[in-house]
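For reference, the structure is listed below as structure tokens.
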Amino acid sequence: MGSTTRTEGGYTVLQLEGEVDLSRSPEARKDILEVLKAGRHLLVDLSGVTYIDSSGVASLVEGYQVAKKKKLRFGLVGVSPSAMGVLVLARLDKVFPISASVEERIREDG
């Protein structure tokens with residue numbers, strides 16, 4: 001798994017790439033929590049994720065919960081079909097704010 005960050009429209013955008021599995025989800029968790037602990041709104045871009053397992057999903061859930069406690073905006077953008085399949089199966093597609101793109105999320109916040 002690789003990751004990059006950028007700032008766009010008042011959000012830090014964390015782009016995850018590749019597989020987010022048991023061996024790589026601790027890195028994703030660390031990246032997510034670092035942004036939130038710095039008090040920044042976060043969008044996690046999953047467009048480059050080819051596989052995500054329950055440990056990766058748990059990292060996203062933890063980030064969402066931390067963001068809520070800190071009153072920060074959190075969302076998922078560009079969710080790949082494989083990642084969306086896992087989110088739908090876990091019924092988390094109804095929990096997470098999900099947008100097609102960063103631009104769409106910024107417009108939704110409008």
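Key figures for this structure:
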| read-out | value |
| --- | --- |
| Computed helical MRE - 222 nm, the chain, DSSP H runs ≥ 4 contributing -39500 (n - 2.57), nearest 500 | -13000 deg cm²/dmol |
| Environment charge at PRO26 (Cβ cut-off 14 Å; Lys +1, Arg +1, Asp -1, Glu -1) | -4 |
| Amide proton proximity set for VAL77, modelled H, under 5 Å, gap of 5+ | VAL44, ASP45, LEU46, SER99 |
| Summed residue charge, Cβ within 15 Å of GLU108's Cβ, Lys/Arg positive, Asp/Glu negative | -1 |
| Estimated FRET transfer efficiency (ARG73, THR4; beta-carbon r; R0 25 Å; 0.05) | 0.80 |
| Coil-residue trypsin sites (Lys or Arg not before Pro) of region 1-71, DSSP, other Cβ within 10 Å capped at 16 | LYS70, LYS71 |
| Within-11-Å neighbourhood charge of THR50 [Cβ basis; K, R +1; D, E -1] | -3 |
| Pair SER23, SER54: separation of 7 Å Cα→Cβ label points (nm) | 2.0 |
| Accessible area of region 28-110 belonging to carbon and sulfur atoms, whole % at 1.4 Å probe | 55 |
| Longest to shortest principal axis, alpha-carbon extents of the chain, angstrom | 32, 24, 23 |
| Cα-based shape type of region 10-52, given that a ≥ b ≥ c are square roots of the gyration tensor eigenvalues and the cut on a/c is 1.5 | oblate |
| Prolate/oblate/rounded call for region 23-75, Cα gyration tensor, a/c under 1.5 rounded | prolate |
| Accessible surface, the chain, averaged per residue in Å² (probe 1.4 Å) | 52 |
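The values are calculated or read from the model by the stated rules, or taken from the named source; none is laboratory data. As the structure is a prediction and not an experimental result, all values here were calculated from the model. Virtual Cβ from ideal backbone geometry, glycine too; neighbours counted across all protein chains shown. Only protein heavy atoms, including side chains, enter the accessible area calculation; ligands, DNA and RNA are left aside. Shrake-Rupley method; radii C 1.70, N 1.55, O 1.52, S 1.80 Å.
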